[in-house]
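Working notes, structure below.
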Amino acid sequence: MKSVKLVEVNEENWYECCQLKLTEEQSSYMESNAVSIAQSKFEPGLKPFAIYEKEQVVGFLMFNTEREELGGYWVYRIMVDRRYQEKGIGKRATEEMLAIMSELPGCERIVVGYHPDNRGAHRLYESIGFKDEGNRFGKEMAVIYQVTS
């Protein structure tokens, strides 16, 4: 299995993160990585990470280190460049992210919201153990991962 690692966005990888692309259909579901990185500069609780496969930046994710709605810590973005999709990278990166987030103070729930038509996101989160408890925020559904200690 290829190695996937998360590295906090920094002066060496931010531009590569901004160059990553989703498929045309997926791009309607998510803000650009550049907007996400900018958002993290104004909301200090947000932590953006580059997803690496070996030494190549292949994706981006961001989560909040402050508890929000539904009593959980929220995942804001997870994306893998269209050239690297369907290789299990997103799942391995999400599992790495959950391990990091599980260490946040009092973390019992991790929440992610996504558009119900985003079948790829649905399959990914369901395969890792996120549950749909019927929570909806505007056009997004919010699914919950229960952290076990």
Cβ contacts < 7 Å: first residue touching a residue at least 24 places away in the same chain (Cβ under 8 Å) and under 18 Å from Ser36 (Cβ atoms), restricted to segment 74-97; second residue part of a loop (DSSP other than H, G, I, E, B) and open to solvent by 40 Å² or more (accessible area, probe 1.4 Å), any location; separation 6+ or different chain. Result?
Trp74/Glu68; Arg77/Met30; Met79/Met30; Asp81/Lys21; Arg82/Lys21; Arg82/Thr23
Does segment 60-72 contain at least one residue that is outside any loop (DSSP other than H, G, I, E, B), open to solvent by 20 Å² or more (accessible area, probe 1.4 Å) and touching a Phe, Trp or Tyr at 6+ places or on another chain (Cβ under 8 Å)?
yes
Does segment 28-42 contain any residue that is out of contact with any Pro (no Cβ under 8 Å at 6 or more places or on another chain), free of Cβ contacts under 8 Å to residues at least 60 places away in the same chain and assigned to a strand (DSSP E or B)?
no
Of the residues in segment 39-57, those that are more than 14 Å from Ile89 (Cβ to Cβ) and of a type in the set (A, V, I, L, M, F, W, C) come to Phe42, Leu46
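Identify, please: which residue in segment 123-143 is open to solvent by 40 Å² or more (accessible area, probe 1.4 Å) and assigned to a helix (DSSP H, G or I) and is, among those, modelled with the lowest pLDDT?
Step one: of segment 123-143, the residues open to solvent by 40 Å² or more (accessible area, probe 1.4 Å) are 123, 126-127, 131-134, 136-140.
Going one step further and asking which of them are assigned to a helix (DSSP H, G or I), we end up with 123, 126-127.
Details: Arg123: 89, Glu126: 93, Ser127: 93.
The residue in question is Arg123.
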(1) more than 13 Å from the chain's Cα centre (by Cα); (2) under 17 Å from Leu20 (Cβ atoms) all hold for Phe60 apart from (1)
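The values are calculated or read from the model by the stated rules, or taken from the named source; none is laboratory data. Quantities reported herein were computed from a predicted structural model and do not represent experimental measurements. Because the Cβ atoms are built from the backbone with ideal geometry, glycine has one as well, and the counts that use them run over all protein chains shown. Just the protein is used for accessible areas: all its heavy atoms, side chains included, with ligands, DNA and RNA removed. Shrake-Rupley method; radii C 1.70, N 1.55, O 1.52, S 1.80 Å.
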